[in-house]
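*Asks:* Sharing a structure below in C-alpha coordinates format, with a few things to ask.
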Amino acid sequence: MIKTIAEPARELNVRKETDILVIGGGPSGIMAALAAAEDGLNVMLVESRSFVGGNMTIGLPILGFLGQKGNQIIKGLPQKLIDRLKAVQASSEHRPCPLHMSLTLVEPEAVKTVALQMLVESKVEVLFYAFCAGVVMEKDELKGVIIESKAGREVILAKTVIDCSGDADVAYRAGVPCEYGNENGGVQPPTLMFCLGGVDTEKLRTSIANEPRTYLTDFIPAEYFGQNNQFVLVGMRNLIKQAQDDGLTLTTERTILITGLRKGEVWVNMTRVSGVNGTDPGSLTHGEIEGRHQILDIQKYLIGYVPGFENAYFLKTAPFLGIRETRRIQGQYTMTREDIMACQHFDDAIAVASYPLDIHHPQGGGCTLEWCGDCYDIPYRSLIPQKVKNLIVAGRCISTTHEAMSAIRVMAPCMAMGEAAGRAAKMAVRQGVQPADIDVKKLQKELLEKGAYLRIEKEALA
(Lines give C-alpha, C1' and ligand atoms only; values in the text may rest on other atoms or scores of the structure.)
Protein backbone atom coordinates (compact mmCIF):
# COMPACT_ATOMS: atom_id res chain seq x y z
CA MET A 1 0.00 0.00 0.00
CA ILE A 2 1.39 3.40 -1.04
CA LYS A 3 1.25 5.96 1.73
CA THR A 4 0.51 9.59 0.95
CA ILE A 5 0.98 12.76 2.95
CA ALA A 6 -1.10 15.89 2.41
CA GLU A 7 1.23 18.87 2.04
CA PRO A 8 -0.29 22.09 3.37
CA ALA A 9 -0.97 24.79 0.78
CA ARG A 10 1.39 27.75 0.96
CA GLU A 11 2.20 30.95 -0.81
CA LEU A 12 5.38 30.94 -2.89
CA ASN A 13 7.66 33.86 -3.47
CA VAL A 14 8.03 35.02 -7.06
CA ARG A 15 11.77 35.03 -7.56
CA LYS A 16 11.69 36.57 -11.02
CA GLU A 17 9.42 37.79 -13.80
CA THR A 18 11.06 37.45 -17.18
CA ASP A 19 10.19 37.52 -20.86
CA ILE A 20 11.54 34.08 -21.70
CA LEU A 21 12.46 31.26 -19.34
CA VAL A 22 14.62 28.37 -20.50
CA ILE A 23 14.66 25.22 -18.37
CA GLY A 24 17.80 23.16 -18.93
CA GLY A 25 21.32 24.30 -19.80
CA GLY A 26 22.38 21.51 -22.15
CA PRO A 27 23.10 21.84 -25.88
CA SER A 28 19.56 22.93 -26.79
CA GLY A 29 19.10 25.18 -23.76
CA ILE A 30 22.29 27.14 -24.34
CA MET A 31 21.31 27.86 -27.93
CA ALA A 32 17.71 28.70 -27.00
CA ALA A 33 18.82 31.24 -24.40
CA LEU A 34 21.41 32.86 -26.69
CA ALA A 35 18.90 33.19 -29.54
CA ALA A 36 16.10 34.49 -27.30
CA ALA A 37 18.34 37.17 -25.76
CA GLU A 38 19.77 38.42 -29.04
CA ASP A 39 17.83 41.68 -29.29
CA GLY A 40 17.43 42.65 -25.67
CA LEU A 41 14.60 40.62 -24.16
CA ASN A 42 14.97 39.48 -20.55
CA VAL A 43 15.94 35.81 -20.65
CA MET A 44 16.58 33.46 -17.75
CA LEU A 45 18.11 30.00 -17.90
CA VAL A 46 17.65 27.54 -15.02
CA GLU A 47 19.96 24.53 -14.69
CA SER A 48 19.92 21.92 -11.93
CA ARG A 49 23.68 21.34 -12.00
CA SER A 50 26.52 23.76 -11.28
CA PHE A 51 27.46 24.19 -14.94
CA VAL A 52 26.02 24.42 -18.43
CA GLY A 53 26.83 22.09 -21.29
CA GLY A 54 24.83 18.95 -20.51
CA ASN A 55 26.01 16.00 -22.57
CA MET A 56 28.80 18.13 -24.08
CA THR A 57 30.55 17.76 -20.71
CA ILE A 58 30.60 13.97 -20.34
CA GLY A 59 33.27 13.03 -22.88
CA LEU A 60 31.11 12.51 -25.95
CA PRO A 61 31.92 14.00 -29.34
CA ILE A 62 29.26 16.23 -30.86
CA LEU A 63 27.63 14.23 -33.65
CA GLY A 64 25.69 15.61 -36.59
CA PHE A 65 27.25 18.86 -37.80
CA LEU A 66 27.81 17.26 -41.22
CA GLY A 67 25.31 15.46 -43.41
CA GLN A 68 25.61 12.05 -45.03
CA LYS A 69 26.94 13.74 -48.18
CA GLY A 70 29.65 15.58 -46.24
CA ASN A 71 28.09 19.05 -46.33
CA GLN A 72 27.70 21.11 -43.15
CA ILE A 73 24.03 21.18 -42.13
CA ILE A 74 24.22 22.62 -38.60
CA LYS A 75 25.47 26.21 -38.62
CA GLY A 76 24.32 29.44 -36.95
CA LEU A 77 24.73 29.72 -33.18
CA PRO A 78 25.97 26.12 -32.73
CA GLN A 79 28.87 26.93 -35.04
CA LYS A 80 29.59 30.11 -33.06
CA LEU A 81 30.07 27.99 -29.94
CA ILE A 82 32.45 25.71 -31.82
CA ASP A 83 34.38 28.74 -33.09
CA ARG A 84 34.74 30.04 -29.54
CA LEU A 85 35.96 26.63 -28.38
CA LYS A 86 38.44 26.44 -31.26
CA ALA A 87 39.86 29.81 -30.18
CA VAL A 88 41.02 28.17 -26.93
CA GLN A 89 42.09 24.89 -28.59
CA ALA A 90 39.06 23.11 -27.12
CA SER A 91 37.38 21.83 -30.28
CA SER A 92 38.39 19.91 -33.37
CA GLU A 93 37.16 20.50 -36.89
CA HIS A 94 33.96 18.77 -37.99
CA ARG A 95 35.40 15.48 -39.15
CA PRO A 96 33.62 13.12 -41.53
CA CYS A 97 32.99 9.70 -40.00
CA PRO A 98 31.83 6.65 -41.98
CA LEU A 99 29.63 5.51 -39.09
CA HIS A 100 28.36 8.70 -37.41
CA MET A 101 28.48 11.01 -40.49
CA SER A 102 30.60 13.48 -38.54
CA LEU A 103 32.16 14.02 -35.17
CA THR A 104 33.40 17.15 -33.46
CA LEU A 105 35.66 16.56 -30.47
CA VAL A 106 35.30 19.05 -27.63
CA GLU A 107 37.06 19.47 -24.28
CA PRO A 108 34.36 19.01 -21.60
CA GLU A 109 35.74 21.46 -19.02
CA ALA A 110 36.20 24.18 -21.65
CA VAL A 111 32.57 23.77 -22.76
CA LYS A 112 31.42 24.64 -19.25
CA THR A 113 33.46 27.85 -19.23
CA VAL A 114 33.02 29.03 -22.82
CA ALA A 115 29.28 28.40 -23.03
CA LEU A 116 28.75 30.22 -19.73
CA GLN A 117 30.84 33.13 -20.96
CA MET A 118 28.64 33.41 -24.05
CA LEU A 119 25.47 33.39 -21.94
CA VAL A 120 26.80 36.07 -19.59
CA GLU A 121 27.94 38.21 -22.52
CA SER A 122 24.43 37.94 -23.96
CA LYS A 123 22.99 39.11 -20.62
CA VAL A 124 21.15 35.84 -20.00
CA GLU A 125 20.44 35.48 -16.28
CA VAL A 126 21.70 32.02 -15.33
CA LEU A 127 20.48 30.24 -12.20
CA PHE A 128 22.25 27.04 -11.15
CA TYR A 129 21.33 24.51 -8.45
CA ALA A 130 17.56 24.74 -9.07
CA PHE A 131 15.14 22.06 -10.29
CA CYS A 132 11.85 22.41 -12.12
CA ALA A 133 9.41 21.21 -9.45
CA GLY A 134 6.06 22.30 -10.86
CA VAL A 135 4.24 24.77 -13.06
CA VAL A 136 1.90 27.74 -12.74
CA MET A 137 -1.12 27.30 -15.01
CA GLU A 138 -4.14 29.44 -15.87
CA LYS A 139 -6.47 27.04 -17.65
CA ASP A 140 -4.36 25.85 -20.60
CA GLU A 141 -1.77 28.65 -20.41
CA LEU A 142 1.62 28.12 -18.80
CA LYS A 143 2.40 31.23 -16.78
CA GLY A 144 5.55 30.15 -15.02
CA VAL A 145 7.62 27.40 -13.43
CA ILE A 146 7.99 26.43 -9.79
CA ILE A 147 11.61 25.78 -8.91
CA GLU A 148 13.04 23.96 -5.90
CA SER A 149 16.47 24.64 -4.41
CA LYS A 150 18.19 25.06 -1.06
CA ALA A 151 16.25 28.32 -0.85
CA GLY A 152 12.99 26.36 -0.93
CA ARG A 153 10.17 26.57 -3.47
CA GLU A 154 9.93 29.71 -5.60
CA VAL A 155 8.22 30.80 -8.79
CA ILE A 156 9.62 32.25 -12.00
CA LEU A 157 6.95 33.84 -14.18
CA ALA A 158 7.52 34.14 -17.92
CA LYS A 159 5.70 35.21 -21.05
CA THR A 160 7.07 32.15 -22.87
CA VAL A 161 8.80 29.04 -21.50
CA ILE A 162 11.20 26.81 -23.44
CA ASP A 163 11.56 23.26 -22.12
CA CYS A 164 15.12 22.09 -22.86
CA SER A 165 15.25 19.66 -19.96
CA GLY A 166 15.74 16.64 -22.24
CA ASP A 167 13.08 14.84 -20.21
CA ALA A 168 10.06 17.09 -20.96
CA ASP A 169 10.00 18.06 -17.29
CA VAL A 170 8.03 21.27 -17.79
CA ALA A 171 5.73 19.86 -20.46
CA TYR A 172 4.91 16.78 -18.39
CA ARG A 173 4.08 18.81 -15.29
CA ALA A 174 1.99 21.21 -17.37
CA GLY A 175 -0.21 18.38 -18.60
CA VAL A 176 1.19 17.85 -22.09
CA PRO A 177 0.52 14.24 -23.17
CA CYS A 178 3.83 12.37 -23.20
CA GLU A 179 5.11 9.00 -24.38
CA TYR A 180 7.93 6.92 -22.92
CA GLY A 181 10.09 4.38 -24.72
CA ASN A 182 8.99 1.85 -27.32
CA GLU A 183 5.72 -0.05 -27.57
CA ASN A 184 6.75 -2.05 -24.49
CA GLY A 185 7.97 0.95 -22.51
CA GLY A 186 11.61 0.03 -23.07
CA VAL A 187 14.10 2.89 -23.44
CA GLN A 188 17.62 2.98 -24.80
CA PRO A 189 20.01 2.23 -21.92
CA PRO A 190 22.20 4.99 -20.50
CA THR A 191 25.99 5.04 -20.36
CA LEU A 192 28.37 6.27 -17.68
CA MET A 193 31.33 7.61 -19.65
CA PHE A 194 34.85 7.46 -18.25
CA CYS A 195 38.29 8.59 -19.36
CA LEU A 196 41.65 6.81 -19.37
CA GLY A 197 45.05 8.47 -19.70
CA GLY A 198 48.36 7.09 -20.87
CA VAL A 199 46.89 5.49 -23.99
CA ASP A 200 49.15 5.09 -27.01
CA THR A 201 46.54 6.15 -29.58
CA GLU A 202 49.10 5.92 -32.38
CA LYS A 203 49.62 2.24 -31.62
CA LEU A 204 45.86 1.76 -31.44
CA ARG A 205 45.07 3.31 -34.81
CA THR A 206 48.01 1.77 -36.68
CA SER A 207 47.15 -1.66 -35.28
CA ILE A 208 43.66 -1.31 -36.75
CA ALA A 209 44.96 0.04 -40.04
CA ASN A 210 47.58 -2.68 -40.41
CA GLU A 211 45.71 -5.65 -38.92
CA PRO A 212 42.04 -5.12 -39.83
CA ARG A 213 41.18 -8.83 -39.54
CA THR A 214 42.34 -8.88 -35.94
CA TYR A 215 40.89 -5.51 -34.95
CA LEU A 216 37.73 -5.44 -37.06
CA THR A 217 35.61 -2.28 -36.72
CA ASP A 218 31.91 -1.78 -37.46
CA PHE A 219 31.26 0.05 -40.75
CA ILE A 220 34.51 2.07 -40.44
CA PRO A 221 37.14 0.92 -42.96
CA ALA A 222 40.65 0.26 -41.68
CA GLU A 223 42.13 2.95 -43.93
CA TYR A 224 40.13 5.58 -41.99
CA PHE A 225 42.33 4.92 -38.97
CA GLY A 226 45.45 5.23 -41.08
CA GLN A 227 44.40 8.76 -42.04
CA ASN A 228 43.03 10.15 -38.75
CA ASN A 229 44.92 10.53 -35.48
CA GLN A 230 41.76 11.53 -33.61
CA PHE A 231 38.83 9.20 -34.10
CA VAL A 232 35.91 7.18 -32.82
CA LEU A 233 36.37 3.41 -32.73
CA VAL A 234 33.38 1.07 -32.78
CA GLY A 235 33.82 -2.69 -33.04
CA MET A 236 36.43 -5.25 -31.97
CA ARG A 237 33.59 -7.64 -31.17
CA ASN A 238 35.96 -10.62 -31.35
CA LEU A 239 38.16 -9.16 -28.60
CA ILE A 240 35.15 -8.58 -26.37
CA LYS A 241 34.03 -12.17 -26.95
CA GLN A 242 37.51 -13.39 -26.07
CA ALA A 243 37.53 -11.34 -22.86
CA GLN A 244 34.06 -12.61 -21.92
CA ASP A 245 35.19 -16.19 -22.52
CA ASP A 246 38.10 -15.43 -20.18
CA GLY A 247 35.68 -14.43 -17.42
CA LEU A 248 35.28 -10.66 -17.71
CA THR A 249 31.77 -9.21 -17.45
CA LEU A 250 31.13 -6.86 -20.38
CA THR A 251 27.56 -5.71 -21.07
CA THR A 252 28.03 -4.41 -24.62
CA GLU A 253 28.89 -6.27 -27.81
CA ARG A 254 31.16 -3.52 -29.13
CA THR A 255 34.26 -1.62 -28.08
CA ILE A 256 33.41 2.10 -28.31
CA LEU A 257 36.28 4.56 -27.83
CA ILE A 258 36.66 8.29 -28.49
CA THR A 259 40.10 9.90 -28.53
CA GLY A 260 40.33 13.08 -26.49
CA LEU A 261 41.84 16.35 -27.62
CA ARG A 262 44.64 15.90 -25.08
CA LYS A 263 47.40 13.45 -25.97
CA GLY A 264 46.92 10.01 -24.49
CA GLU A 265 43.34 10.56 -23.35
CA VAL A 266 40.56 8.22 -24.48
CA TRP A 267 36.90 8.41 -23.46
CA VAL A 268 35.16 5.05 -23.14
CA ASN A 269 31.48 4.58 -24.09
CA MET A 270 30.94 0.97 -23.01
CA THR A 271 28.90 0.81 -19.82
CA ARG A 272 25.24 -0.15 -20.34
CA VAL A 273 22.63 -0.26 -17.60
CA SER A 274 19.37 -1.60 -19.00
CA GLY A 275 16.06 -0.65 -17.42
CA VAL A 276 17.12 2.73 -16.00
CA ASN A 277 14.33 5.30 -15.85
CA GLY A 278 16.02 8.68 -16.29
CA THR A 279 13.10 10.45 -14.61
CA ASP A 280 13.32 8.50 -11.33
CA PRO A 281 16.10 9.29 -8.81
CA GLY A 282 16.19 5.77 -7.40
CA SER A 283 16.61 4.28 -10.85
CA LEU A 284 19.26 6.86 -11.76
CA THR A 285 21.13 6.03 -8.55
CA HIS A 286 21.09 2.35 -9.50
CA GLY A 287 22.46 3.35 -12.92
CA GLU A 288 25.35 5.28 -11.36
CA ILE A 289 26.22 2.42 -8.99
CA GLU A 290 26.03 -0.26 -11.67
CA GLY A 291 27.87 1.92 -14.21
CA ARG A 292 30.80 2.40 -11.84
CA HIS A 293 30.85 -1.32 -11.14
CA GLN A 294 30.96 -2.12 -14.88
CA ILE A 295 33.93 0.23 -15.38
CA LEU A 296 36.19 -2.12 -13.42
CA ASP A 297 36.01 -5.01 -15.93
CA ILE A 298 35.92 -2.67 -18.95
CA GLN A 299 39.22 -1.17 -17.81
CA LYS A 300 40.69 -4.66 -17.36
CA TYR A 301 39.49 -5.56 -20.85
CA LEU A 302 41.03 -2.51 -22.51
CA ILE A 303 44.40 -2.88 -20.75
CA GLY A 304 44.57 -6.63 -21.32
CA TYR A 305 43.25 -7.01 -24.86
CA VAL A 306 43.29 -3.74 -26.87
CA PRO A 307 46.56 -2.45 -28.39
CA GLY A 308 47.78 0.88 -27.02
CA PHE A 309 46.15 0.49 -23.60
CA GLU A 310 48.97 -1.50 -21.97
CA ASN A 311 50.02 1.46 -19.76
CA ALA A 312 46.64 3.15 -19.46
CA TYR A 313 45.40 4.50 -16.14
CA PHE A 314 42.07 5.78 -14.85
CA LEU A 315 41.57 9.54 -15.03
CA LYS A 316 37.94 10.46 -14.37
CA THR A 317 34.30 9.52 -14.61
CA ALA A 318 31.73 11.71 -16.32
CA PRO A 319 29.84 14.01 -13.91
CA PHE A 320 26.55 12.22 -14.54
CA LEU A 321 24.98 9.27 -16.32
CA GLY A 322 24.44 9.88 -20.04
CA ILE A 323 20.71 9.39 -20.71
CA ARG A 324 19.63 8.51 -24.25
CA GLU A 325 15.87 8.47 -23.86
CA THR A 326 13.05 9.32 -21.48
CA ARG A 327 9.78 11.16 -22.16
CA ARG A 328 8.71 12.53 -25.53
CA ILE A 329 5.91 15.05 -25.89
CA GLN A 330 2.92 14.65 -28.14
CA GLY A 331 3.07 17.71 -30.34
CA GLN A 332 1.23 19.14 -33.29
CA TYR A 333 3.17 16.74 -35.50
CA THR A 334 4.97 13.52 -34.57
CA MET A 335 8.09 12.70 -36.58
CA THR A 336 8.38 9.05 -37.64
CA ARG A 337 11.09 6.70 -38.89
CA GLU A 338 9.41 6.95 -42.32
CA ASP A 339 9.99 10.73 -42.30
CA ILE A 340 13.67 10.16 -41.65
CA MET A 341 14.20 7.33 -44.11
CA ALA A 342 12.35 9.31 -46.83
CA CYS A 343 14.57 12.40 -46.24
CA GLN A 344 11.35 14.29 -45.62
CA HIS A 345 10.89 17.97 -46.45
CA PHE A 346 8.49 20.01 -44.28
CA ASP A 347 7.04 23.44 -45.07
CA ASP A 348 7.67 24.45 -41.46
CA ALA A 349 11.23 23.09 -41.27
CA ILE A 350 13.33 24.83 -38.60
CA ALA A 351 16.39 22.53 -38.67
CA VAL A 352 18.03 19.94 -40.89
CA ALA A 353 19.54 16.72 -39.56
CA SER A 354 21.23 13.69 -41.08
CA TYR A 355 22.17 11.41 -38.20
CA PRO A 356 20.99 7.83 -38.78
CA LEU A 357 18.42 5.88 -36.84
CA ASP A 358 20.63 4.67 -33.98
CA ILE A 359 18.80 2.48 -31.49
CA HIS A 360 20.73 1.01 -28.59
CA HIS A 361 18.47 -1.90 -27.74
CA PRO A 362 16.68 -1.63 -24.37
CA GLN A 363 17.89 -5.16 -23.60
CA GLY A 364 20.86 -7.22 -24.79
CA GLY A 365 23.64 -4.69 -25.44
CA GLY A 366 23.16 -4.55 -29.22
CA CYS A 367 22.54 -1.62 -31.54
CA THR A 368 20.70 -1.05 -34.84
CA LEU A 369 21.71 1.63 -37.36
CA GLU A 370 19.92 2.74 -40.55
CA TRP A 371 20.95 5.56 -42.87
CA CYS A 372 18.63 7.54 -45.14
CA GLY A 373 21.35 8.58 -47.60
CA ASP A 374 20.97 12.35 -47.15
CA CYS A 375 19.22 14.83 -44.84
CA TYR A 376 15.75 15.25 -43.34
CA ASP A 377 13.92 18.25 -41.91
CA ILE A 378 12.71 18.79 -38.34
CA PRO A 379 9.32 20.58 -38.41
CA TYR A 380 8.40 23.42 -36.06
CA ARG A 381 5.13 21.65 -35.24
CA SER A 382 7.09 18.91 -33.46
CA LEU A 383 8.35 21.54 -30.99
CA ILE A 384 4.83 22.77 -30.18
CA PRO A 385 3.03 20.62 -27.58
CA GLN A 386 -0.60 19.68 -27.54
CA LYS A 387 -2.98 21.17 -24.95
CA VAL A 388 -0.62 23.74 -23.38
CA LYS A 389 0.05 27.31 -24.51
CA ASN A 390 3.10 29.54 -23.96
CA LEU A 391 5.46 26.55 -24.21
CA ILE A 392 8.04 25.41 -26.76
CA VAL A 393 10.04 22.18 -26.41
CA ALA A 394 13.50 21.60 -27.90
CA GLY A 395 15.95 18.70 -27.76
CA ARG A 396 15.52 14.95 -27.65
CA CYS A 397 12.04 15.15 -26.05
CA ILE A 398 10.25 16.80 -29.00
CA SER A 399 7.33 15.01 -30.64
CA THR A 400 8.73 11.88 -32.32
CA THR A 401 8.27 8.15 -32.27
CA HIS A 402 10.76 5.99 -30.36
CA GLU A 403 12.55 5.20 -33.64
CA ALA A 404 12.72 8.79 -34.92
CA MET A 405 14.00 9.99 -31.54
CA SER A 406 17.02 7.73 -31.96
CA ALA A 407 18.12 9.91 -34.88
CA ILE A 408 17.34 13.45 -33.71
CA ARG A 409 18.64 12.89 -30.16
CA VAL A 410 22.31 13.67 -30.82
CA MET A 411 23.76 17.04 -29.87
CA ALA A 412 24.12 19.01 -33.11
CA PRO A 413 20.44 18.64 -34.13
CA CYS A 414 19.42 19.44 -30.55
CA MET A 415 21.49 22.63 -30.72
CA ALA A 416 19.79 23.62 -33.98
CA MET A 417 16.36 22.97 -32.44
CA GLY A 418 17.35 25.13 -29.47
CA GLU A 419 18.29 28.07 -31.67
CA ALA A 420 14.98 27.80 -33.53
CA ALA A 421 13.03 27.58 -30.27
CA GLY A 422 14.77 30.65 -28.88
CA ARG A 423 14.07 32.69 -31.99
CA ALA A 424 10.45 31.50 -32.05
CA ALA A 425 9.96 32.44 -28.39
CA LYS A 426 11.42 35.87 -29.05
CA MET A 427 9.00 36.41 -31.97
CA ALA A 428 6.04 35.26 -29.86
CA VAL A 429 6.89 37.71 -27.06
CA ARG A 430 7.62 40.62 -29.40
CA GLN A 431 4.37 40.08 -31.31
CA GLY A 432 2.21 39.17 -28.31
CA VAL A 433 1.09 35.86 -29.81
CA GLN A 434 1.29 32.21 -28.86
CA PRO A 435 4.34 30.26 -30.07
CA ALA A 436 1.96 28.10 -32.12
CA ASP A 437 0.73 31.21 -33.96
CA ILE A 438 3.97 32.84 -35.09
CA ASP A 439 4.68 33.22 -38.79
CA VAL A 440 7.00 30.27 -39.42
CA LYS A 441 8.13 31.78 -42.73
CA LYS A 442 9.48 34.77 -40.78
CA LEU A 443 11.17 32.39 -38.36
CA GLN A 444 12.79 30.54 -41.25
CA LYS A 445 13.89 33.84 -42.78
CA GLU A 446 15.52 34.93 -39.52
CA LEU A 447 17.25 31.58 -39.10
CA LEU A 448 18.75 31.86 -42.59
CA GLU A 449 19.76 35.49 -42.06
CA LYS A 450 21.52 34.53 -38.81
CA GLY A 451 23.52 31.80 -40.54
CA ALA A 452 21.50 28.65 -39.85
CA TYR A 453 21.09 26.04 -42.58
CA LEU A 454 17.71 25.09 -44.05
CA ARG A 455 16.85 23.39 -47.32
CA ILE A 456 14.97 26.54 -48.34
CA GLU A 457 16.11 29.40 -50.54
CA LYS A 458 15.91 32.87 -48.97
CA GLU A 459 14.08 34.09 -52.07
CA ALA A 460 11.25 31.66 -51.36
CA LEU A 461 10.60 33.43 -48.06
CA ALA A 462 10.58 36.98 -49.42
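*Asks:* Select from region 68-104 those trypsin sites (Lys or Arg not before Pro) which occupy a DSSP coil region and have at most 15 other Cβ atoms within 10 Å, ordered by residue number.
*Replies:* Lys69
*Asks:* Between Thr206 and Lys123, what length in nm is gained on full extension when 0.36 nm per residue of separation is reduced by their alpha carbon distance?
*Replies:* On the way: separation 83, 0.36 × 83 = 29.88 nm, distance 4.77 nm.
Extra length from Thr206 to Lys123 when fully extended: 25.1 nm.
*Asks:* In deg cm²/dmol, rounded to 500, what helix-only [θ] at 222 nm does the chain give when every DSSP H run of at least 4 residues adds -39500 (n - 2.57) and the total is split over its residues?
*Replies:* When only DSSP H runs of four or more count, the value is -9000 deg cm²/dmol.
*Asks:* I would also like to ask the following. Multiply the residue separation of Asp347 and Phe314 by 0.36 nm, subtract the distance between their alpha-carbon atoms, and state the gained length in nm to one decimal.
*Replies:* 6.9 nm
*Asks:* Separate question: With every protein chain left in place, what is the accessible area per residue of the chain in square angstrom, probe 1.4 Å?
*Replies:* Dividing the accessible area of the chain by its residue count gives 40 Å².
*Asks:* Follow-up. For the chain, what % of the accessible area comes from carbon and sulfur atoms, probe 1.4 Å?
*Replies:* Numbers: 9030 of 18630 Å².
Carbon with sulfur: 48 percent of the solvent-accessible area.
*Asks:* Related question: Which of the listed residues, Ala130, Leu239, Gly166, is farthest toward the dipole's positive end in the chain, when Lys, Arg count +1 and Asp, Glu count -1 at the beta-carbon?
*Replies:* My answer, from the dipole projection, is Ala130.
*Asks:* GluC sites (Glu not before Pro), restricted to region 415-462: which are DSSP loop and have at most 12 other Cβ atoms within 10 Å?
*Replies:* Passing sites in region 415-462 are Glu457.
*Asks:* If I stretch the segment between Glu338 and Gln89 completely, what's the gain in nm (0.36 nm per residue apart, minus their alpha carbon distance), one decimal?
*Replies:* So the extension gain works out to 85.7 nm.
*Asks:* While we're here: Report Thr113's accessible area, 1.4 Å probe, all protein chains in place, as a number in Å² to the nearest 10.
*Replies:* Spelled out: Thr113, probe radius 1.4 Å, area about 80 Å².
*Asks:* Working with all protein chains in place, sort Glu183, Glu325, Glu370, Glu154 by solvent-accessible area computed with a 1.4 Å probe, largest first.
*Replies:* Correct descending sequence by accessible area is Glu183, Glu370, Glu154, Glu325.
*Asks:* Here is a further query. Taking the simple approach of a point 7 Å from Cα along Cα-to-Cβ for both Lys441 and Asp39, what is their distance in nm?
*Replies:* 1.8
*Asks:* If we restrict to alpha carbons, what Rg and Dmax does region 1-133 come to, in Å?
*Replies:* Gyration radius and largest Cα-Cα distance of region 1-133: 18.2, 59 Å.
*Asks:* Could you give the semi-axes, largest first, of the ellipsoid that matches region 1-70, computed as the square roots of 5 times the alpha carbon gyration tensor eigenvalues and rounded to whole Å?
*Replies:* 34, 22, 11
*Asks:* Another one. Looking at region 41-130, send over the antiparallel percent of its DSSP beta bridges, to the nearest 5. Numbers along the way, then the final one.
*Replies:* On the way: 7 of 10 bridges.
So the antiparallel bridges amount to about 70 percent of the total.
*Asks:* Restricting attention to region 308-388, which trypsin sites (Lys or Arg not before Pro) occupy a DSSP loop and are surrounded by at most 16 other Cβ atoms within 10 Å? It would help to have the intermediate numbers written out before the result.
*Replies:* Numbers: sites: Lys316, Arg324, Arg327, Arg328, Arg337, Arg381, Lys387; in loops: Arg324, Lys387.
Those that pass, being in a loop and sparsely packed, are Lys387.
The values are calculated or read from the model by the stated rules, or taken from the named source; none is laboratory data. In this text the structure is predicted, and so the values were computed from the model without any measurement. Quick reminder, even Gly has a Cβ in these numbers, built from the backbone with ideal geometry, and neighbours come from all protein chains shown. Remember, those area values only see protein heavy atoms, side chains included, never the ligands or the DNA or RNA. Shrake-Rupley method; radii C 1.70, N 1.55, O 1.52, S 1.80 Å.
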